[in-house]
Amino acid sequence: MRRSNTLEWSLLWACCIAGASVNAQTGTDAPERVTGTFGGTYVINAQSIEVVPRKRSFGFLIQHRFGAFTFDGQAAKQFLGLDLPANIRFAFLYAPRRDVHLELGRSKNGKVYDLGLKARLLKQTVGDEMPISVTAWANVALMSDDFPAVREQDFFADGVTPFAYRTAHRLSYNTQVIMARRFSSRISLQLAPVFIYQNLVPVGGSNLTVALPVSGRWRVSTKGSLLAEVAPLLVGGPLGGGLQPVAIGYEVATLGHVFQIVVASSQEIVEQRLYTLPVTAYNEGYFHLGFNIARVLFVKPKQSRP
């Protein structure tokens with residue numbers, strides 16, 4: 001009887017060990033995730049698929065665009081636009097949980113405050129079990145600058161009701177689905193459909209604007225990368241049309257720190273203004289110099305109590 005019990009216990013332990021071995025092997029064989037598709041949470045102007053990477057960590061962002069310049073006799077006098085009025089945005093980021101962060105920003109142009117939420121939905125794997133990464137982004141912006149004066153001949157869209165500003169007219173919304181793939185250790189590409197809704201637009205303008213930013217990153221060294229993006233406008237945009245927003249840049253990225261030198265077609269930074277206002281005439285040689293600085297402050301995970 002004792003021998004039988006011993007045999008049963010031996011078989012039970014063998015089953016447990018085998019099960020543990022299978023679980024360990026499954027964990028070991030879990031698909032490896034692709035990291036570092038882009039250096040920071042922005043490509044240049046466009047949102048990237050990246051988020052603040054660790055729970056309870058913080059991020060700080062400075063985006064700066066100087067005045068428009070062209071390579072003529074005034075370029076040196078205006079110091080390539082650095083002497084001209086500029087636009088700047090500060091943003092604070094916080095990750096309440098893994099793969100999710102909140103972003104609060106404030107821009108000079110329009111005195112715009114914006115609040116956003118960004119979440120990683122899918123992550124590309126090394127073995128292509130998941131071929132792309134997908135991130136969702138949504139934010140709301142509030143223009144706090146003074147409205148232009150209302151004239152007697154200004155009416156609502158019905159052409160009858162005299163126009164009067166409302167608080168809701170200060171609000172605009174932005175939603176994006178960001179899809180990217182890192183093709184190699186050097187090359188990454190991204191597609192990010194942007195849907196913008198403005199509560200107030202000029203007569204004849206569209207409340208809805210749809211853009212399709214296409215972005216790329218080419219790593220030329222361990223820390224350095226070339227960046228480029230173009231954003232065709234599919235619906236809405238500036239009244240009367242115009243050129244597509246474009247930007248190029250050079251990036252130096254280290255752990256927790258990203259610095260970019262930027263040449264852009266627009267001084268605007270927040271998407272609700274970037275894709276709905278006319279860009280500078282870069283077909284005539286005018287551009288904006290600028291820079292982006294991003295810093296992530298990592299917070300160690302809480303240690304579990306014994």
Residue match in the stretch 156-179 (condition: of a type in the set (D, E) and closer than 22 Å to V270 by Cα):
no
Practice task
Tell me, yes or no, whether the stretch 147-167 has at least one residue that is surrounded by 10 or more Cβ atoms within 10 Å (Cβ to Cβ), of a type in the set (F, W, Y) and closer than 23 Å to A192 by Cβ.
Solution key: no
Residues of the stretch 121-157 being of a type in the set (A, V, I, L, M) and either in contact (Cβ under 8 Å) with a residue 60 or more places away in the chain or touching a His at 6+ places or on another chain (Cβ under 7 Å) (or both), in sequence order, are V126, M130, V134, A141
Note on A157: of the conditions (1) part of a loop (DSSP other than H, G, I, E, B); (2) of a type in the set (G, A, S); (3) farther than 19 Å from G205 by Cα, unmet is (3)
Within the stretch 193-227, residues touching a residue at least 40 places away in the same chain (Cβ under 8 Å), more than 20 Å from N139 (Cβ to Cβ) and either of a type in the set (A, V, I, L, M) or in contact with a Cys (Cβ under 7 Å, 6 or more places away or on another chain) (or both) come out as V203, L227
From the option list G236, G249, single residue qualifying as at pLDDT below 95 and either more than 28 Å from L104 (Cβ to Cβ) or not aliphatic (A, V, I, L, M) (or both) is G236
Within the stretch 93-120, the residues that are in a strand (DSSP E or B), in contact (Cβ under 8 Å) with a residue 60 or more places away in the chain and surrounded by fewer than 20 Cβ atoms within 10 Å (Cβ to Cβ) are A119, R120
Output for Cβ contacts, cut-off 7 Å, separation at least six or different chains, first residue assigned by TED's automatic domain parsing to the domain that holds V194 in the stretch 237-248, second part of a loop (DSSP other than H, G, I, E, B) and surrounded by fewer than 17 Cβ atoms within 10 Å (Cβ to Cβ), reads P238/P278; L239/P202; L239/G204; L239/G205; G242/P278; Q244/P232
Within the stretch 185-203, the residues that are at pLDDT 95 or above and among the hydroxyl-bearing types (S, T, Y) are S188, Y197
If you go through Q260, Q244, the only one that is over 17 Å from the mean Cα position of the chain (by Cα), surrounded by 15 or more Cβ atoms within 10 Å (Cβ to Cβ) and not hydrophobic (A, V, I, L, M, F, W, C) is Q244
Does V258 count as in contact with a Gly (Cβ under 8 Å, 6 or more places away or on another chain) and touching a residue at least 12 places away in the same chain (Cβ under 8 Å)?
yes
Being in the same structural domain as I269 (by TED's automatic domain parsing) and modelled with pLDDT of 95 or more narrows S206, S172 down to just S172
Yes or no: the stretch 83-90 includes at least one residue that is within 23 Å of Q190 (Cβ to Cβ) and either touching a residue at least 60 places away in the same chain (Cβ under 8 Å) or out of contact with any Pro (no Cβ under 7 Å at 6 or more places or on another chain) (or both). yes
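The values are calculated or read from the model by the stated rules, or taken from the named source; none is laboratory data. Values in this document were obtained by computation on a predicted structure and should not be read as measured data. Ideal geometry is used to build each Cβ from the backbone, glycine not excepted, and the neighbour counts take in all protein chains shown.
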